[in-house]
Amino acid sequence: MDNAFSLICRGSVGQPGHWFVAAALLLAAIRAVSVAQVQLPFNGWDELPHLAVAYHVHKTGHMPSARTPMPRELIPFITAHPHPTESLTMLCDIDAKPYPGTDPVCSAQPAQRFDMVCYEAQHGPLLYHLAALFLTGSDPATLLAWADGVRLANGVLLVATLWLWHCLLRRVVPRQGRLAWLPDGVLLLLASFSPVYYNFVRFSNDALALFLGTCALAFYMLAVAPHGFSAQGQWRRYALLGGVAGLAVLAKATVLALVLALGAAVVWQGRRPGQRRAALACLFALVLGYLAVAGWHHAVNLARYGQLTAMQEAVLNAGQGFGPAKILGAAGKLGYGFFRNPILYNATLHLAGWSNLRSPDWLNLGFKTAIAGCFLALAAALLRRQARQDAARLAAAAAPLCMLWGATCLALAYHALHSAACWGFPTTGAWYGMLALPVTFGFLLLGPALCGRRAGAYSLLFLAFLANAAFMDGTYNGLLTQETGTTDFYRAIRDVAGHHALLHLDLSLLVMLETAVLAGLLALSLESVLHPAPVVWPVVPPVMAEAADAADAVAAQETDAARERFGPQPVPVCAAHLPVRQLPGPDVEIQPRSCAVAGGCARPGMAARP
């Protein structure tokens, strides 16, 4: 019966937002292809060093060191395409051409000879070994097709990552009430945010690390944590979880905050008496699984650099003998403020790889206004008791996500302090913490959502307008103009298409399709906020009808008993214990997917939804 009931619960997917999710993922897919084509080769952050490391693995079968010279057989490929100013300074004694645009980014690096090294070899080897499997030659045409293929593959990972995040948020956010639209709102902002695309759709390891990190988080929250610690074979699940997290770190160490967050989540879940020993055993299995996959990588870094990671600033600081006091003393050089930090940096709306690093003043002012408005709305909403209760329930259900956000902030602070101590100013990019970006967006939208549906709709539309205006202006106007030197859109898209091997699509048609999908998505988002559809429970398969009837009979008896106890008031029932085929009504008050119902759940004896 338990297995049948569990399977029935897993089939309860009568979600009205399928069209919204499909439209958001379609928009993300279109934009991923557009960004892959609009960007010339090497415009993405550190694309050339990443490509050089993967080529070295293809050539030799093993990873280079961070001081290994870049293979010189890449020079014909490098000189076949123009470069942004930021990377052109490293290519001075070869025939490398700059962008013909009139507004290049000023480089902070002095001109130097072509003595570049494979400094991206500091990262884990997973992406480079995978990419090397698909390279078949070293001529410029083959290398160009290889680079395009990796960009497109990372675009696929982007779409999959967005879908996983929506599933995660849908798991922890109540399906009814004023907060029910938050997963759709976060997905809309993620599909609109320019840095998401420019961090994923390039030849780099970020996309694979973020995808694997999101997989580990989804595996924990959807398949591991609901079973507690005493389920049969649970230690195997935690060991597998540690292995998946280890794969993410082998892709890029920027997701190390996830490992800390998962450990904290296990400890938090096992804080109650009677569960601590089982929680420690599962935590031990998690650590063993992680070390089995990524332990050797940390051991190599420890032997080579004296650090668990190969973060270049930390290695350089250790080489200069900087201690904790020196590192912490660099806090005065950060120059961070409320609107200028790696989490809420207003200029991140308008990024496009190495190019177009500045955003218009009106966008900066609009983003500051939106952030300030969201925080003021949250402060105003929390003055009401019901809003505080809703926020507390959501925080309890989303505790692992909150821990991920906190661990990410600590990791960003660690990098910022080390980079400020090393270079005199912080070099921490906002995209370093992209694994927790959905949580940041959810936090921004929480205040307006608690204030009511109209406030939520206005805030979501304003943020979506800013993000989409920044993306379309930065991608189809600023970046194209810099790369080609012309303001003629059709000529520009023909020019950039000539620098690709696999991407020769008509970009004008993609832009029109993108605009149409975006318009539909915005309409669906308004429908999600202002007119949420009720939860529809599926028809129980005949083979499970007997088990479902028995469960419903028990639930009905418990409901009658609770009705006598509570009188005419609605019976507080958590969504995890809602009967299989019972529709929400005046006698049932739906609570979040947690048994933390004020006053106790009316059905504590009923099997919980997985």
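The values are calculated or read from the model by the stated rules, or taken from the named source; none is laboratory data. This is a predicted model, so every value here is computed, not measured. All Cβ positions, glycine included, derive from the backbone under ideal geometry; neighbour counts span all protein chains shown. Remember, those area values only see protein heavy atoms, side chains included, never the ligands or the DNA or RNA. Shrake-Rupley method; radii C 1.70, N 1.55, O 1.52, S 1.80 Å.
For the peptides 159-170, 178-189, the ranking by mean Cβ contacts within 10 Å, running from highest to lowest, is 178-189, 159-170.
For a Förster distance of 30 Å, can you work out the FRET efficiency between the beta-carbons of S65 and A278, rounded to the nearest 0.05? Rounded to the nearest 0.05, the efficiency is 0.10. Once the chain from T486 to L328 is taken as fully extended at 0.36 nm per residue, the excess over their C-alpha distance is 52.2 nm.
What is the distance in Å between the Cα centroid of region 123-197 and that of region 58-86? What the calculation gives is 25 Å, centre to centre. Scanning residues 5 or more positions from H83 or on other chains, those with amide H under 5 Å from its amide H are K97, Y99, with H placed 1.01 Å from N in the peptide plane.
Per residue, the solvent-accessible area of region 332-486 (1.4 Å probe, heavy atoms of protein chains only, all protein chains present) comes to 40 Å².
Amide H contacts of T68 (H built 1.01 Å from N, in plane; Pro and chain starts excluded): C118 sit under 5 Å, all sequence-distant by 5 or more or on other chains.
Protection proxy ranking, highest mean first, for peptides 445-456, 507-518, 417-428: 445-456, 417-428, 507-518, where packing is the per-residue count of other beta-carbon atoms within 10 Å, averaged. A Förster radius of 25 Å combined with the Cβ-Cβ distance from H18 to Y458 puts the calculated FRET efficiency at roughly 0.50.
A 1.4 Å probe run over the protein chains yields, for region 208-309, 46 Å² of accessible area per residue, whole-number rounding. Region 425-444 and region 380-418 have Cα centres lying 13 Å from one another. Using the Cβ-Cβ distance between L291 and A80 with R0 set to 41 Å, the FRET efficiency works out to roughly 0.40.
With both labels modelled 7 Å from their Cα along Cα-to-Cβ, the L308 to T369 distance reads 4.5 nm. In this structure the amide hydrogen of L40, modeled in the peptide plane, comes within under 5 Å of no amide hydrogen from residues 5 or more places off or on another chain. When the accessible area of region 152-278 is split by element with a 1.4 Å probe, what percent falls to carbon and sulfur? Accessible surface attributable to carbon and sulfur in region 152-278 totals 65 percent.
Full extension of the chain between I343 and L222 gives 40.9 nm of extra length, using 0.36 nm per residue less the Cα-Cα distance. If a spin label sat at a point 7 angstrom from the Cα of A141 along the line to its beta carbon, the backbone N atoms of region 69-85 nearer than 17 Å would be those of 76-78, 80-81.
Under 11 Å from a label point set 7 Å out along the Cα-to-Cβ vector of A501, no amide N atom of region 200-219 is found. Annotation: for a label point projected 7 angstrom from Cα along Cα→Cβ of V300, residues of region 129-144 with backbone N closer than 19 Å are 129-134. Residue-wise HN-Hα couplings along region 28-41, as the Karplus relation 6.51 cos²θ - 1.76 cosθ + 1.60 with θ = phi - 60° gives them from phi, are 4, 5, 4, 5, 4, 5, 5, 5, 4, 8, 5, 6, 5, x Hz; Gly and Pro carry x. Calculate log10 I(q)/I(0) of region 364-483 for q = 0.13, 0.14, 0.16 Å⁻¹, where I(q) comes from the Debye formula with a single equal point scatterer on each Cα and nothing for solvent. Relative scattering, expressed as log10 I(q)/I(0), comes to -0.70, -0.79, -0.96.
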